Structure formats: structure tokens, C-alpha cells
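Just so it is clear, none of the values below were taken in a lab; they were calculated from the coordinates. Since we're looking at a predicted model, the values are computed, not measured. FYI the Cβ positions are ideal-geometry reconstructions off the backbone, even for glycines, and counts take in every protein chain you see.
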Protein chains: 4
Amino acid sequence: MKEVIQSTDPNHPANLIPSLCKHFYTLGWVTGTGGGISIRHNEHVYLAPSGVQKEQIRSSDIFVLDWSSQNYIYSPPSLKPSACTPLFLTAYRLRDANCCIHTHSQWAVLVTLICEASNLTKFTIREIEQIKGISHGGIGGAEIKEGGRKSGNLSYFDTLSVPIIENTAREEDLTDAMEKAMREDTDACAVLVRRHGVYVWGKTVEQAKTQAESLDYLFELAVRMRQLGVGWT
Amino acid sequence: MKEVIQSTDPNHPANLIPSLCKHFYTLGWVTGTGGGISIRHNEHVYLAPSGVQKEQIRSSDIFVLDWSSQNYIYSPPSLKPSACTPLFLTAYRLRDANCCIHTHSQWAVLVTLICEASNLTKFTIREIEQIKGISHGGIGGAEIKEGGRKSGNLSYFDTLSVPIIENTAREEDLTDAMEKAMREDTDACAVLVRRHGVYVWGKTVEQAKTQAESLDYLFELAVRMRQLGVGWT
Amino acid sequence: MKEVIQSTDPNHPANLIPSLCKHFYTLGWVTGTGGGISIRHNEHVYLAPSGVQKEQIRSSDIFVLDWSSQNYIYSPPSLKPSACTPLFLTAYRLRDANCCIHTHSQWAVLVTLICEASNLTKFTIREIEQIKGISHGGIGGAEIKEGGRKSGNLSYFDTLSVPIIENTAREEDLTDAMEKAMREDTDACAVLVRRHGVYVWGKTVEQAKTQAESLDYLFELAVRMRQLGVGWT
Amino acid sequence: MKEVIQSTDPNHPANLIPSLCKHFYTLGWVTGTGGGISIRHNEHVYLAPSGVQKEQIRSSDIFVLDWSSQNYIYSPPSLKPSACTPLFLTAYRLRDANCCIHTHSQWAVLVTLICEASNLTKFTIREIEQIKGISHGGIGGAEIKEGGRKSGNLSYFDTLSVPIIENTAREEDLTDAMEKAMREDTDACAVLVRRHGVYVWGKTVEQAKTQAESLDYLFELAVRMRQLGVGWT
């Protein structure tokens, strides 16, 4: 089944995962082997491997899972599947997403620490233009409406709310808490993991990536607002 | 009319918009599809499309508007014109500018938040050398005079003042406030939008770009000065 | 013996040292000729030269030491061996490491300054996911276990502790203190040098590099946590 | 005399100035046309032009001055010589330097603002390893001595002191104050200009560049130390 990770199309998951990981590395999202990404492509789920330098992944390092049977149809020799796998699959199952990005961005971690000090289990912010880059449930319609807003996206006066789940020793043990958070807040576009990072998904790779960027922008801005004594909501 | 977006000259708007957007992305100005740019070239206005990854724009993704008729003479299939369009046109109409850049830079947003806490509707700073990189009205003469200052630019002891308008739910609804701010302060080189970003223009692409850089430098410096307890004026 | 610094393999130390130094320069680890790196390859120790622009090193600028005789078998004309050499060798001798990285990262320096104010001779942090990127002793097994943790790495609820030694006028005079710190804390993955930087090692180049990244991430996060009033342990 | 700006050697001033300006732009030193660089090469002084995008300079944009006659032997059509010229020449005359770099780095500006609040006319810092990257007078011998220190450089327990002169409306009016500061403190490796930036020189391009990097590192560190309440001396 080696053909599933071979394509000359730069937008094929086998090529996108390496190029996006290289890019995410420059953003500080996957430093020191942290973080990851998965893309669902028709009946196949592509997954970056665990514990390797993300900026150096090649197509042949990617795991491919068959969606219906949940069996690996391609496994790189001497690599291990990512412990994030059940979390990525949760995003696909509950939101019908097709891409999920996991970052260890320091801004995400700092936001969860600031919230922890106030016993908050969700991060909320409002009246910042970049909120309009986030869709309802993370999978809202991307058609541009009048006013420059996408049909399924938050408007400027909406409040963005991202649930925060508590970290666990083993990454896969986050699965139940992530599923619970996603079911309780069907509008949530992402799940923050306390002292760890964030999971962001989208209907398409582009939606997942641009929402991950908009969220990271908002997390960074929120930390700087806090340092300047400016409230979030 | 496909020929208006085809040129082998790297300084033609059809090529400059993609390369500048790629560059602005690395500066954090257009993350997550935010921000934009427009160039007026003879009788044609070139506009980056709405809601797409700005760092991946190609020439064929650009909208072209005829200046006199205000009709689109080239529209990329399946893309939407930017909601910033009426704001870009305002800069061309009121200042006879030929390029307008819109960023979501966090430093611009933070400056508007700091000013909000003091009920200020303009950002002012003085006696910082980089102020000399800004021209009167944003379109002052670029000829270098003695002392290293451009003929139409602020001098070191001038006070730079940038009006701040309040954000609206729909980007095009900013147009009236932007026009009012530009008419009331004919010396203004840019307009800040509260909790949103900044619009900067210039007589040329180079003037708009270097002024956007100088302003962003001043916004960042102002935020850091505030954190250190140093006043702006 | 010029052949020891000639190889067409990009992963050979003679090629890795230049490419890693170029990369470390972009991370701010080796600015202004500071910092360095060494790789032990079979019986040969490769060492970046002293006092040169690290981002411009070529293969022919690298010193090569014979491990058993401790004699240089290749010395670039008109360059001097790094004063870090005895420190790199200490990591090889005490931990059986094969790569050692020395950075002047500002985050490392700031962490030692914060600790100095509290008379602390070690930096400790816990319950941050990125801790899982660090191995026991810096040379723990890299096999991925269930939960996404490497077999020899810290778990989420472990406390990461990095000893801090006091700086000296001459870099080689740090050797005794580094050896003492490594012997007293056999679990230490690195040694911080007060007001100077950090030494990080690994069983492989990849382990040393990814641990240096994870540590730098933790140092930066710790500084930002301090600015926000969030404790480390 | 067009041949003075034509060379196939990447280390010739006509090629180094464009490549260094491009690099300095990525460091934030010459944003928005600010800053500059000059190299003295035998009897010729090469100077980046005034008021242009520094990251886009080509060899043919460079001014060349004859050292003995002080006349321009090459002037690019439609460009103006830099207002920094008399300041660069002062460094050559008083220190026998051969390269001088002028940056608008925000860290340099912030350091002068912090000093201003305490009425300080010099920036001093000590016991930071990176100080060893700075030479006495900016032109000390670069031969590596034992301990990893260059023969003409500061040692770890020396105090680095950089004089700060007050800014003026016209850049060339800084010349007298710069000369006075350099004569009064013959050990000074650079001159800070309040609310403006820094001038750094060296015997060679490499010395000027690495000292500019080490100073910028120290300025940034000093600002962060101040934010954490850690003293400089």
C-alpha cells in the first residue's frame, strides 16, 4: 500500500503534512518533536508520526489509517503512530472534520495558565476583529458573505469560547475529556489542554490551518492584553 | 481581460500583490486570512481577494477594478472581492494615494486597546527617530533633503498622530468613519481601527510599505514603552 | 587527515555542524560568535571553532579530535579550538553522550538570573507537557512507549531539574563545576551556566537537538510565567 | 568609475552591503528605510544610500567615496548619499575602523529610554557572558586567547559601557557629539543615540557585524532584565 503516501500533487496529504509541519516548526508550534497534524482524505486518515523532528518528516514517515476499518494500511518501519491519534479521530467523528492540528504553542499554554489562576475551564474573548476568522464548531461554511465574514463564522460581537480540559499523563487519556467538551459545547472550534497546548480542526486543511493561526493570534494577544491590564471580555 | 493580471515585470501589481502578501505574512500582518492590500495602477485598481490565505495568493486570484467606471474588469472565479475595497478606494479618493495596506498587526491592536483605556481617539508619539519615516498625510514628497529627511516627511520634533475609529460588525461600515477621520486630520498618514488593525496608504507601493513598517515599529515600541512605564509624548 | 571533514552525506558531522549552526543562529542561540556544538562520531570528536560567525562555518573550519588519544587529527589553519572543548568532552565522558550543544539563549540566561534572585542553584519546573521531551540524564532511551512518551523520558508529573553552575572568567574553568553538577545529579539532562547559557547533550544529534529545543521552550515559558505571576512548581 | 561597484567576490563591499542589509532587515535593524552600513575598502568608502528599502539595495545603488579626497567617485543616479555619512567617517577617522553599522533596533532605543528615566548618559552592564563578544574601543585584536576570549576583547568581569548622545533633528548634527563621546571614552565600542538607535564599528566587517549582534543581544537582555526587576550592574 506504499502508493497511498506517493503523489506528485503538492496538496495531497502525503506532501501537505511534511510541508505544513516544516511551516508549523517556524511558528514554534511543534518544537522538540511536540505537536502534530492529521488529514482525512476520502477513506484514509494521514497521521504524522510520534516523537520525531516534525520539520524533517518525509512522506514515507506518515501513517495511513483506513477510516472504516480503523486499521493502518501504511506504517513506516521503525516509527510509532502518534499518541494524538484518538484525539484526531474524535474531531473527525464528532465534527465531521477532515483535518486536525495539535500545537504546543506557548501562547496556548500561557492562556490556560492564566485561566487556571482564576479557576476557569474555558477561555473567552470578544470584540477583537480576528474572532471573525473562527467558524462555529470549527466547521462552519466558508462562503464569504457581505461584510467580509464567512457564512459559518463568528461575527465581531460574538464571544469566542474555547473549552479547557485538564492534562493527563498519557496523551490518549485526553480522549474522553475532549469528547465531553466537544459534545457540551457544540459551538467550540478547538479544545485547549491545560499546560499542554491546543487541538484545532476544520472541514478542510485550509480551514484548520487558518483557524489555528487565528486562535494562536488571539492567544498571544490575550497574553499581551493581560500584561497590559486589559480585560478579555 | 485576463491580460491585466499577466505581466513578467516583478514590480507589476499582479506580481507585487502576491509577493508582498507573502512578506506581510512573515511579519504577522495577515495571519489567518486577515488584512489585505490594494494597488492603483494607472486606471486599474488591483485588490487581494477576501478570506483566503494571503501568503498563497497567485496573480490569477486578484480582482481588478476600473477606476473611472468602478466596475470589475477581472474577477477570479469562485473568489469574493475584499470587504476592505471601499476603504482602499477612500484612501485613493481622499489622498490621491496609489497603494493601501491593511494589517491586523497585534501591535496596532494593542495600541488601540491602551488608548481605549484612556478614552483616546488618536494615538500620538513624539521624539522617536522612526517618526521621520512617516510623511504628512501619508503622501508627502519622497525627495531626500539635507538631514536625511524626506521633503514631505515629519521631522524629529513633530508629533505623529494617528486617528482611531471604532470597529463595526461589517468591514465596509468603517468607510464613513474612515473618510471623516481623514478629512478632519488631513495630516494623518493612516487610520487605526479599534480592536482590529490599521489602514496605511502611500503615493507609491514603496511609500505605503515603508510607512506601514515604520508605523508598526512605532506601535510595537509604544507597547514596550508602556510596559516599561515610559510615556509616549 | 583532510578526509575526516569530507563527506557527501548530509548527516555526517562535517556537514551537520555547519547546517545546525546556521539553524541555531536563526533561533538566537549562537549570535555574535557565541555558543557552539560538538558531535562524537565513532572514534572522532568534531568541534565547531572558536570566535567565528557560527552561521558561516564550513566543513573545513571544523576541528577533529581523536577520542582515545585526545589529539587533534584535523585542525583548520588560522582557527582556534573552542574553549568549550573540555565541557563537551565531559558530557561524552560522564554520560556517554555523542553530541553536545552550547547556547547563549537569552531565555536560559534570564532563567539563571531569576533563580539568582532567590539564591537557587537549580531550575525546576513541573506539569508542563513539553517536559516529556526531556530524557533522564539527557541520554534516556528514545523508543516510543504507549502514551506518546519515550521510554527514557520524564513523565508529565515528574519534576524537571537543571543544575546551575556559576560562571567563570575562562570558559574551560567551568569544567570542574560542570562535572561535579553532573555527578551529583545523574538525572540532569543539561547544565545551566549563570549569566551565560546552557550545555545540553544527547545520545544522538537528534536527541541533543530536540532536548535543546524543549529546554529552550521551557526556559522561555518560565520567563513568561514569571512575568504573569504564575509559579513554576 | 562603475567598476568600483562591480565584483564577482561575495565578500567585496559592493556585494556585502546588499547581502548584509537584507540580513539586517530580518533582524529588525533597518525597517522602513531606517539604519545603514558603510565599509572602508582600501582607499574607498562604500555607503548604503539614504531613504530606500534597505533589503532591496543592489550594488549599483551604493555610493563610493574616495578616502583621501573625500569626493564621491561613484554616485547612483537619482539616489542621495546617507545622512549617516559623516558619522561613519568619524568612526573611520577616530578608531581607524573599516566598517560601521547603524541600526534602529528597538532594543537600543528602549535601553536609551530606560537610561533617560534615570538621567544616565551611558548604558552599563556587567557579568553577562556575551560581553566577551565586545572589543576594547570596538577595534581590539581578534586573535583567540586561552579561555575563549579574543585578545582585544572585554573579559567577563569587565563592565561594558556605551555612551548615549542626545538625538538631533538632522542626523549629521550628531557628528560633533559622537566625536566627543568617542574621544572621552576611548574604550567605547559603539555610541547609542537617544530615542534613535546605535552606531557600532569594527576593524573588519566581521568584527563590526558580530559586535552589533552582541550589543543588540545585550540591549534586548537588559530590557527583559528590567521587566523582571533584575539590575544591570
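If the reach is capped at under 24 angstrom between alpha carbons, list the lysines near A:LYS80, excluding any in the same chain fewer than eight residues apart.
Once the sequence-local lysines are set aside, what remains near A:LYS80 is A:LYS2, A:LYS22, A:LYS54, C:LYS132, C:LYS145, C:LYS150, C:LYS203, C:LYS209.
Take A:GLN6 and B:ASP66, extend 7 Å from each Cα along the Cα→Cβ direction, and tell me the distance between the two endpoints in nm.
In this crude label model, A:GLN6 to B:ASP66 measures out at 5.3 nm.
Counting alpha carbon pairs within less than 8 Å and at least 6 residues apart, what relative contact order, in whole percent, applies to chain A?
So the answer I get is 19 percent.
Please give the Cα centre distance for segment B:81-104 versus segment C:163-233, rounded to the nearest Å.
For segment B:81-104 versus segment C:163-233, the Cα centre distance is 51 Å.
Quick one: Kirkwood hydrodynamic radius for the protein assembly as shown, alpha-carbon pairs, angstrom, one decimal?
The answer is 29.1 Å.
Output the relative contact order of segment D:106-227, whole-number percent, from Cα pairs under 8 angstrom with separation of 6+ residues.
32 percent.
In a solvent-free Debye calculation with one equal scatterer on each Cα, what is log10 I(q)/I(0) for segment C:59-111 at q = 0.14, 0.17, 0.26, 0.32 Å⁻¹, listed in the order of the q values?
-0.48, -0.67, -1.13, -1.27
Between beta-carbons, use under 11 Å as the cut-off and find the net charge around A:ARG195, counting Lys and Arg +1, Asp and Glu -1. Present the calculation step by step, with values, prior to reporting the outcome.
Working: positive: A:ARG194, C:ARG126; negative: A:GLU116, A:GLU166, C:GLU127, C:GLU129.
Residues close to A:ARG195 contribute a combined charge of -2.
With the label 7 angstrom out along Cα to Cβ, how close does D:SER19 come to the same site in each of the other copies, in nm, nearest first?
Output for D:SER19: 2.0, 2.0, 2.9 nm, nearest copy listed first.
Would you mind computing, in nm to one decimal, how far apart the modelled labels at B:THR159 and A:GLU146 are, each placed 7 Å from Cα along Cα→Cβ?
Label at B:THR159, label at A:GLU146, 4.1 nm between them.
Closest beta-carbon to the B-to-D rotation axis: which chain B residue owns it, and what is the separation in whole Å?
Nearest Cβ to the rotation axis, residue and whole-Å distance: B:GLN227, 5.
Before anything else, pin down the relative contact order of segment A:1-82: Cα pairs under 8 Å, at least 6 apart, normalised by residue count, whole percent.
Reported as a whole number, the value is 28 percent.
Which value results for Rg/Rh of chain C when Rg is the Cα radius of gyration and Rh the Kirkwood radius based on the inverse mean 1/r? Numbers along the way, then the final one.
Values: Rg = 17.1 Å, Rh = 17.8 Å.
Ratio of gyration radius to Kirkwood radius for chain C: 0.96.
What angle do you read, to the nearest 10 degrees and between 0 and 90, between the alpha-carbon axis of helix C:175-184 and the longest principal axis of chain C?
Tilt relative to chain C: about 50 degrees.
What is the order of C:SER155, D:SER75, fewest Cβ neighbours within 10 Å to most? Intermediate values should be presented prior to the final figure.
On the way: C:SER155 12, D:SER75 16.
In order of increasing Cβ crowding within 10 Å: C:SER155, D:SER75.
Once all Cα-Cα distances of segment D:1-82 are split into 10 Å bins that start at 0, what whole-number percent is in each one?
Per 10 Å bin, starting at zero, the Cα-Cα P(r) for segment D:1-82 comes out as 20, 55, 24, 2 percent.
Could you sort the peptides D:169-175, C:57-63, A:109-115 by per-residue average Cβ neighbour count (10 Å cutoff), highest mean leading?
Descending packing order for the listed peptides: A:109-115, C:57-63, D:169-175.
Under a no-solvent Debye model with one identical scatterer per Cα of segment A:106-227, what's log10 I(q)/I(0) at q = 0.09, 0.10, 0.12, 0.15 Å⁻¹?
-0.23, -0.28, -0.41, -0.64
Under the classification rounded if a/c is under 1.5, otherwise prolate if a/b is larger than b/c and oblate if not, where does segment B:183-233 fall, given a ≥ b ≥ c as square roots of the Cα gyration tensor eigenvalues?
On the way: a/c = 2.14, a/b = 1.66, b/c = 1.29.
Prolate is the answer for segment B:183-233, as a/c is 1.5 or above and a/b outweighs b/c.
How much net charge surrounds B:GLY147 when only the other residues with a Cβ under 12 Å from the Cβ of B:GLY147 are counted, with Lys and Arg +1 and Asp and Glu -1?
Numbers: positive: B:LYS132, B:LYS145, B:ARG149, B:LYS150, D:LYS80, D:ARG170; negative: B:GLU129, B:GLU146, D:GLU171, D:GLU172, D:ASP173.
After counting each charged neighbour, the total is +1.
How far is D:GLN6 from itself in the other copies, in nm, if each label sits 7 Å out from Cα along the Cα-Cβ line, shortest first?
Here the equivalent label points are 3.6, 3.6, 5.1 nm apart from this one.
Going Cα to Cα from C:LYS180, which lysines come in below 19 Å? Please leave out same-chain ones fewer than 8 positions away.
C:LYS122
Please state, to two decimals, what the Cα-based radius of gyration of segment B:156-206 comes to when divided by 2.2 N^0.38 Å (N = residues).
1.20
I'd like the orientation of helix C:205-227 relative to chain C: the angle between its Cα long axis and the longest Cα principal axis, in ° from 0 to 90, rounded to 10.
40
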